[in-house]
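Enquirer: So that we are looking at the same thing, I have put the structure below in structure tokens.
The values are calculated or read from the model by the stated rules, or taken from the named source; none is laboratory data. A quick note: this is a predicted structure, and the numbers were derived from the prediction, not measured. Cβ sites come from the backbone with ideal geometry, for glycine too, and all protein chains shown count toward neighbours. For the accessible areas, the whole protein counts, side chains as well, though only heavy atoms, and no ligand, DNA or RNA atoms are used. Shrake-Rupley method; radii C 1.70, N 1.55, O 1.52, S 1.80 Å.
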Amino acid sequence: MKVKDAKEITGSLTRTSKMPGLSYSLPAWECKTGSKLRKVKGSVCASCYALKGNYTRYKAIKAAQYVRLKAIEDSRWIEAMTAQVKRSTYFRWHDAGDVQDLNHLNKIYEVCRQTPDTKHWMPTREAWIKEHLASKPANLVIRFSPPMIGQRNDTWPNSSMVVEKDATCPAPSQGGKCGSCRQCWDPAVKVVSYGKH
């Protein structure tokens, strides 16, 4: 499948200035767990970065996210996503939004299997995914992100957390970019911490 045709099915992917490759963005308004956590004071989702800034400033961004959300139902989604992702060395699932359900997760797994030369990273707050880690492709690192600021989780093989200070993510000191850092994609790194933003 040609990339041009793939984009007609899934919508285009996102290219953030921070990361070393393409990423995939869904509307944060549709997060299953995140929508509940937004109402909880002190939770990471209460000040979700994907519900402000450029995500809301430009109507086209939000519209594109909803196109991607609807596209998950298309039977050609796996083939179309694979066509767009396969040239990437590094790929991030959900720079906004999260996994919608098990069907969505299984489709992501299949895209990862069909792009074995790509290193995939997916942060999530969907705790039910832990029950499906055994079938996770080896080239995908799933980092569970606990709901509260400062909260750490060591029960998953990989996780991440948001902290007030002493973050391990170097991006803020590197002009907001990953630079040479790839710890998010590295399964040997158990926990990555990000500064609150």
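Enquirer: Compute the Cα gyration tensor for segment 60-121, then decide on rounded, prolate or oblate, letting a ≥ b ≥ c be the square roots of its eigenvalues: rounded whenever a/c is under 1.5, prolate when a/b is larger than b/c in the other cases, and oblate in all that remain.
Expert: prolate
Enquirer: Hey, what's the Cα Rg ratio for segment 126-189 versus the globular rule of thumb, 2.2 N^0.38 Å?
Expert: The value comes to 1.22.
Enquirer: Right, next: Taking the Cβ of Cys178 as the centre, find all other residues whose Cβ is under 11 Å away and add up their charges (Lys, Arg: +1; Asp, Glu: -1).
Expert: +4
Enquirer: Then there's this: How would you rank 114-121, 25-32, 103-110, highest first, on the average number of other Cβ atoms within 10 Å across their residues?
Expert: Output ranking for 114-121, 25-32, 103-110: 25-32, 114-121, 103-110.
Enquirer: Would you work out what percent of the accessible area of the chain, with all protein chains in place, is carbon or sulfur (probe 1.4 Å)?
Expert: On the chain, the fraction of accessible area on carbon and sulfur atoms equals 53 percent.
Enquirer: Compute the separation of the alpha-carbon centres of segment 86-108 and segment 133-197 and state it in Å as a whole number.
Expert: After rounding, the separation between the Cα centres reads 16 Å.
Enquirer: Distance cut-off 26 Å, Cα to Cα: go down the list Lys136/Lys196; Lys136/Lys190; Lys2/Lys130; Lys62/Lys196 and report the pairs above it.
Expert: Check vs 26 Å cut-off fails for Lys136/Lys196; Lys2/Lys130.
Enquirer: Work out how far the C-alpha atoms of segment 1-129 reach from end to end along every principal axis, then list the three figures in whole Å, largest first.
Expert: Principal extents (largest minus smallest coordinate, Cα): 45, 33, 27 Å.
Enquirer: Sticking with this one: If I model a spin label as a point 7 Å beyond the Cα along the Cα-Cβ vector, how far apart are those points for Thr155 and Val40 in nm?
Expert: So the label points at Thr155 and Val40 sit 1.3 nm apart.
Enquirer: Something else about it: Tell me, what is the percent relative contact order of the chain, built from C-alpha pairs under 8 Å that lie six or more residues apart?
Expert: Once normalised by length, the contact order is 21 percent.
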